[in-house]
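Okay, structure first, notes after.
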Amino acid sequence: MKTVFDVTELQQGDHVCLLHRAPTEQRDALIAFIKEGMTRHERCVYIADEVLDPELKSLLAEGGLDLLRLRQEGSLQILNRYETFLRYARFEPLLMLELLEQTLKRAMASDYAGLRVIADMSWALSVGCDQLITFEAMLNNYLPKWNITYLCQYNRSRFASHIQVDVLRSHPIAILDGQVCPNVYYEHPGLMSGKDGAAGRVEWMAATLRETRTLLKGCQC
């Protein structure tokens, strides 16, 4: 098991969180993520909060992304919260999952190899985060079955610490300080929901300890 890898190594089915503070952290991950999607002929969907932030738009252009051309050819779609998470004037996790599946089917029908979704999760701050982590946990049941790579962006200066804790609990992979790492704090949906009970949590903790021991044995530093 690798401790750190590159954004370009992410695969379909991966569910990733980007916890960032500086716009450059967001830019670097997005550019690498989208460029890799172009290389793999996957349609990219960027979900902005309301509109694409002008500063971020400028940073992406500086990184070599011709947003206008990509949008015109259909390989990049830029949507907002009202077209996605809040399209029914409220947030319903199951409805958002249905939308994702429909968007994937349209991409595949247009001969794309799959879908890359980048979502600015700041939309949740406007309606409350009650169902946010429920949705994040549910994604882990669906993404392994779909040709989708999903990147969730969280601005650490905007989200409360307890939300960030749950974000890390619900994503198998995390990007922090420019490094993409398997997340040892990830809890599968059964743990997140409490369905696995204390016995399930003990088994998860034991497995995590075994993985950590293996990593430490293999460390050459």
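Worth a mention:
- Residue count for the range 37-78 under the criterion of being among the polar types (S, T, N, Q) and closer than 22 Å to Thr149 by Cβ: the result is 3.
- Which numbered condition Asn147 misses (of (1) of a type outside the set (Lys, Arg); (2) under 30 Å from Gln102 (Cα atoms); (3) touching a helix residue (DSSP H, G or I) at 6+ places or on another chain (Cβ under 6 Å)): (3)
- Strands (runs of 3 or more DSSP E) within the range 103-195 that include 3 or more residues among the hydrophobic types (A, V, I, L, M, F, W, C): 115-120, 148-155, 173-176
- The listed residue being in contact (Cβ under 8 Å) with a residue 60 or more places away in the chain, closer than 30 Å to Glu203 by Cβ and out of contact with any Leu (no Cβ under 8 Å at 6 or more places or on another chain), out of Gln164, Gln179: Gln179
- Test: residue in the range 152-160 that is of a type in the set (Ser, Thr, Tyr), in contact with an Asp or Glu (Cβ under 7 Å, 6 or more places away or on another chain), at pLDDT 75 or above and within 22 Å of Ser126 (Cβ to Cβ): no
- Of everything in the range 138-169 that is among the hydroxyl-bearing types (Ser, Thr, Tyr) and closer than 9 Å to Cys17 by Cα, the residue that is nearest to the chain's Cα centre (by Cα) is Tyr150.
- Flag if Thr208 is over 24 Å from Glu136 (Cβ atoms), hydroxyl-bearing (Ser, Thr, Tyr) and modelled with pLDDT under 75: no
- Every residue from the range 100-151 that is touching an Asp or Glu at 6+ places or on another chain (Cβ under 6 Å) and of a type in the set (Lys, Arg): Arg116
- Here Ile133 meets the list (1) of a type in the set (A, V, I, L, M, F, W, C); (2) surrounded by 16 or more Cβ atoms within 10 Å (Cβ to Cβ); (3) more than 20 Å from Phe159 (Cα to Cα) almost entirely, failing just condition (3).
- Check on Leu115, surrounded by 15 or more Cβ atoms within 10 Å (Cβ to Cβ) and touching a Leu at 6+ places or on another chain (Cβ under 6 Å): yes
The values are calculated or read from the model by the stated rules, or taken from the named source; none is laboratory data. These numbers were taken from a predicted model, which means no experiment stands behind them. Cβ: placed from backbone, ideal geometry, glycine included. Neighbour counts: every protein chain shown.
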